[in-house]
Number of protein chains: 4
Amino acid sequence: MVKIVGIGGSLRSNSYSQQALKLAAQRVEAIGAEVEILDLRSLKLPFCDGESDYSEYPDVERLRATVENADGLILATPEYHGSLSGVLKNALDLMSFEHLDGKVAGLISVLGGQANSNALNDLRVILRWVHAWVIPEQVAIPQAWKAFDPEGKLLDAKIQERLDRLAESLVQNSEKLR
Amino acid sequence: MVKIVGIGGSLRSNSYSQQALKLAAQRVEAIGAEVEILDLRSLKLPFCDGESDYSEYPDVERLRATVENADGLILATPEYHGSLSGVLKNALDLMSFEHLDGKVAGLISVLGGQANSNALNDLRVILRWVHAWVIPEQVAIPQAWKAFDPEGKLLDAKIQERLDRLAESLVQNSEKLR
Amino acid sequence: MVKIVGIGGSLRSNSYSQQALKLAAQRVEAIGAEVEILDLRSLKLPFCDGESDYSEYPDVERLRATVENADGLILATPEYHGSLSGVLKNALDLMSFEHLDGKVAGLISVLGGQANSNALNDLRVILRWVHAWVIPEQVAIPQAWKAFDPEGKLLDAKIQERLDRLAESLVQNSEKLR
Amino acid sequence: MVKIVGIGGSLRSNSYSQQALKLAAQRVEAIGAEVEILDLRSLKLPFCDGESDYSEYPDVERLRATVENADGLILATPEYHGSLSGVLKNALDLMSFEHLDGKVAGLISVLGGQANSNALNDLRVILRWVHAWVIPEQVAIPQAWKAFDPEGKLLDAKIQERLDRLAESLVQNSEKLR
């Protein structure tokens, strides 16, 4: 059974990245894979200081072990200042090849304004740097503040469809590539 | 008098980014500009949560005000996983257009391995996103662990020269563009 | 008097890049700078072969000399496959530092689909590589096939305004930086 | 049997990209896959004009059909001005989703100066745009003018090893992903 871990790069209480991640995760489960979401809002992670001792922060080890034991990842980030959030990059900085090498990843970004791919592009290159695979399917959700209904569903069926295809491709290809 | 603020994107105690930043800052001073270094190791900054209330962290306001009052910036970052550090991105995420718009910036990266420009490229685009200028001069310091002598001077005179030119261009062009 | 050269990266007969370039050029002229458009559809340029002899193609020399004698550049490109056109990159490949160093550039892209910044980002980094400056203002025109009226004017006044601001910033800053 | 097509992005007579491509192709054959190299120096391709009629240039159809019938691609490019060559981008511009969708690609760049990844990064994003997969393995060959011996072999065994691993990963994963 394929195991997918989702990580959302926003700490905002009503985060649209976390919401988009949840919708993708639901599709992952619906097609029979296992999914676990690591919510950076509840994990207690330090800033990465380039050293190796984070023993005061047991959630660093939890992050690393959960990712290492997964086959695939979904990373969802707000696009801040034309790139991924520092929060998500810092979580990635706390991991290394041994945790990320060979993972298959699907990428989602949410934006306050019009569509753009900077955060997705930067994440694609970052993941290559740790020897992960990034699937071709990716989703950018523009004007995220008006993209969801009060129940957290996407108003635009095409975007939901793209999230579904991302989830399906991720599960299928995590299986093929492991 | 031109005011330059330097920000180093590493929290490591013996950080090479901070050392490279210091060398560039010395040249900025030597040619008659004012320079202040904001050391993220001594500032107490939170993770950016996309909200606006950071009143518990007075250093957020200090970061913002110092940058807003400057003409130019030097940003120095380790290249982690093929991009800038999450620590530096998070510091940038805590600021917005009102603090960064129109600033002139010079970029430095340090790497454990061979030369590469990913962190510099990503920073260049990020700074454009907040309407800052980035000067063409930039410096990547490969194999930083063997680049400095015990007094913190660069062993390769060409790299020092490039840092000097970056500092000179930054000061001259901050003056022209303000 | 500031001299600006515009280069459009599309060879299509009814090119939207060329049209957007023309509108920006009109604003450059309106504020008192000189502007010349090099239309790659009428220049006879070869593929760059990494060698130096293009004597059979006098337009190579014309391209180089025109750019070298300018203060600033406007580059307009269609976004093809998530980057600038090969046609425009090839024209840039035919030039070197001596022609492009120190120029100030403004960037425009046109897209068939929704907004995106890949071509603009790639161009920004490419121009840095030849020691040019790129102004923070840039314009991406999404769904270009429905962006212009039959007279070639932009239907969305905000995009026209952004082209105007790009032209104004380019002229002012070419003057400051030369 | 896996079919791989190699395309080199340089027209230089003694092209190092073509040489690196040849070495990777030899490894592809050695492990039992089929390989065909499309040499852009002998194909007669036009500049892409964004239209669809290239009937005067039968090599456009040959390029498209060869790529469409392959499982995987090796793209090798010189890094010109901090990106891939215009020549290679133009060849990609002449193709579309129907030819490139779902292909698995491995990337090589050669540089005159020190190591850098710009051309590789740009290619990685471009290939995603046409729904291709790019394997994590990639090779940048710095100072290419002194990288090969007179017989065309790489002097640095580690780089040859990286080319071999790229070829092996490409073949294995083209098989898994098709």
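The values are calculated or read from the model by the stated rules, or taken from the named source; none is laboratory data. Owing to the predicted nature of the structure, the values given are computational and were not obtained by experimental measurement. Cβ: placed from backbone, ideal geometry, glycine included. Neighbour counts: every protein chain shown. Calculation scope for accessible area: heavy atoms of the full protein, side chains included, ligands and nucleic acids excluded. Shrake-Rupley method; radii C 1.70, N 1.55, O 1.52, S 1.80 Å.
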Q. Which numbered condition trips up residue C:63, out of (1) within 14 Å of chain D (Cβ to nearest Cβ); (2) open to solvent by less than 10 Å² (accessible area, probe 1.4 Å); (3) closer than 30 Å to residue B:105 by Cα?
A. (3)
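Looking for whichever is assigned to a strand (DSSP E or B), at the interface with another protein chain (Cβ under 10 Å from one of its Cβ atoms) and surrounded by 17 or more Cβ atoms within 10 Å (Cβ to Cβ) here; the options are B:139, B:125, B:134. Which one fits?
Going through B:139, B:125, B:134 in turn, the sole match is B:134.
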Q. Taking into account only those residues within the stretch B:104-114 that are more than 13 Å from the chain's Cα centre (by Cα) and more than 7 Å from every other protein chain (Cβ to nearest Cβ), which is most open to solvent (accessible area, probe 1.4 Å)?
A. B:112
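Which count do you get for residues in the stretch D:5-43 that are open to solvent by 30 Å² or more (accessible area, probe 1.4 Å), within 11 Å of chain C (Cβ to nearest Cβ) and not small (Gly, Ala, Ser)? Walk me through it before giving the result.
First, the residues of the stretch D:5-43 that are open to solvent by 30 Å² or more (accessible area, probe 1.4 Å): D:11-14, D:16, D:19, D:22, D:26-27, D:29-32, D:34-37, D:39, D:41-42.
Next, from what is left, pick out any that are within 11 Å of chain C (Cβ to nearest Cβ): D:11-14, D:16, D:41.
Adding the requirement that they be not small (Gly, Ala, Ser) leaves D:11-12, D:14, D:16, D:41.
Number satisfying all stated conditions: 5.
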Q: May I ask you to say which residue of A:117, A:96, A:85, A:52 is at pLDDT 95 or above, open to solvent by 30 Å² or more (accessible area, probe 1.4 Å) and among the small types (Gly, Ala, Ser)?
A: A:96
Q: Consider only pairs whose beta carbons are under 6 Å apart and that are at least six residues apart or on different chains; among these, list those whose first residue lies in the stretch A:149-160 and is touching a residue at least 60 places away in the same chain (Cβ under 8 Å) and whose second residue is part of a helix (DSSP H, G or I).
A: A:152/A:19; A:154/A:160
Q: Quick one: residue D:58 ticks every box in (1) away from chain C (no Cβ under 13 Å); (2) in contact with a strand residue (DSSP E or B) (Cβ under 8 Å, 6 or more places away or on another chain) except a single one, so which number is it?
A: (2)
Q) Based on what the data block shows, is residue D:176 outside any strand (DSSP E or B), in contact with a Leu (Cβ under 8 Å, 6 or more places away or on another chain) and away from chain C (no Cβ under 14 Å)? A) yes
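On the given criteria, is residue D:79 surrounded by 22 or more Cβ atoms within 10 Å (Cβ to Cβ), within 14 Å of chain C (Cβ to nearest Cβ) and of a type in the set (D, E, K, R)?
On the way: surrounded by 22 or more Cβ atoms within 10 Å (Cβ to Cβ): yes; within 14 Å of chain C (Cβ to nearest Cβ): yes; of a type in the set (D, E, K, R): yes.
Here the answer is yes, as residue D:79 does meet what is asked.
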